[in-house]
1. Give the aspartates and glutamates reachable from residue 27 as a straight Cα distance under 19 Å; neighbours fewer than 8 places away on the same chain don't count.
2. Net charge near residue 151: determine it from the other residues with C-beta under 10 Å of the C-beta of residue 151, scoring Lys and Arg +1 and Asp and Glu -1.
3. For a quick check: with amide H placed at 1.01 Å from N, whose amide H comes under 5 Å from residue 250's, ignoring anything fewer than 5 positions away on the same chain?
4. Aspartates and glutamates within cross-link reach of residue 274: Cα-Cα under 12 Å, excluding same-chain residues under 8 positions apart?
5. What list of ³J(HN,Hα) values in whole Hz, one per residue of segment 148-160 in order, does the Karplus curve 6.51 cos²θ - 1.76 cosθ + 1.60 (θ = phi - 60°) give from phi, with Gly and Pro shown as x?
6. Take the Cα pairs of segment 228-316, get the Kirkwood Rh, then feed it into Stokes-Einstein at 25 °C and 0.890 mPa s and tell me D in µm²/s.
Amino acid sequence: MEFKDYYRTLGVDKNATADEVKKAFRKQARKFHPDVSKEPDAAQRMAEVNEAHAVLSDPERRAAYDALGAQAAAQGARAGGDFRPPPHWDAGFEFTDDGGAPDGAGHYSDFFEQLFGRAAHARHAQAARGTHGGGPPPQRRGTDHHASIELDLQDAYHGAQRTIELRSAHLGADGHVVPEQRSLQVKIPKGVHEGQLIRLAGQGGPGLGGAPAGDLFLEVHFRSDPRWRAEGRDVYQRLALAPWEAALGASIEVPTPTGTVEVTVPARSRAGRKLRLRGRGIPGATPGDLYLELDIALPPADTDDARAAWAALGKAFPHFNPRQTARV
């Protein structure tokens, strides 16, 4: 998507104070407001100015945008250029929603919508406030926040306690954005799976007019692990076999996420075959299965005896051709 430089749009430095942002916005608004401007693209320019102000005037949005800008710089993206934010770039940011829809603009750009997703909600909130005139502010539930949490696969089997860090921001006495960070203890329930949302009630944005706070939703992601991978509630694990174990069959002990189990490998097993262990996947009302993906590990020919053994094996199978399609 197109990266937007909101600082350039308002004509301010990246270290501008809140007052400097406000003054720059008013100056641009006087220049491009469609009711007074003679510029042919006044409406579009006013929409861009309003959008930039909606981000840079909010401490938390601005902190998140600055973090995104650092990612853009690392990618070499420039204003107007193509930019793709990293997955979960906003994880841990606590966005506020003050209802600041762009005056006279009627919409936000795709850039804003994809990164902040507040336009529709903001317009509804602004409209709701307008119906109350000068009376007390209406009650409005706090916004829901979203972040991601990275877990080990074994956490899904046993549950866990984790501490997460959430970032936000406020305006300091000098008008600059001051980042904040808070810690939150999270109980990971047994049986979570990739992509699942863990809901933490009341940990989202604060409500208005005494309304309850929003919720925090944590999206589960598993760390990469060479031992296992998960697909839904099913878990896949590589099982290496010696050639004679695959050919003759064997009873072997296999470490799994739930502990060591004894597995019977059928004779004439081939690489790529899967052995299914029912119910040993991620727990749940209907637990997943554990699939052991067979692989053949070859002993090294690194001694005279080992080389002689491999030569003897070759002589024992004079007609064996591994490049022919093997029969099942």
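1. Of all the aspartates and glutamates, those that pass the test against residue 27 - Cα under 19 Å, at least 8 places apart if same chain - are 5, 13, 19, 35, 39, 41, 48, 51, 58, 103.
2. Numbers: positive: 162, 223; negative: 150, 152, 155, 194.
With Lys, Arg at +1 and Asp, Glu at -1, the neighbours total -2.
3. Amide H neighbours of residue 250, under 5 Å, 5+ apart: 265.
4. 289, 293, 295
5. Taking θ as phi minus 60°, the curve returns 10, 9, 9, 10, 7, 4, 5, 4, 5, 7, 10, x, 6 Hz for segment 148-160.
6. Values: Rh = 14.6 Å.
The diffusion coefficient I find is 168 µm²/s.
Throughout, read-outs are computed from the coordinates displayed, never taken from laboratory work. Keep in mind the model is a prediction, meaning the values are calculated, not measured. Methodologically, a virtual Cβ is constructed for each residue, glycine included, from the backbone with ideal geometry; neighbour enumeration extends over all protein chains shown.
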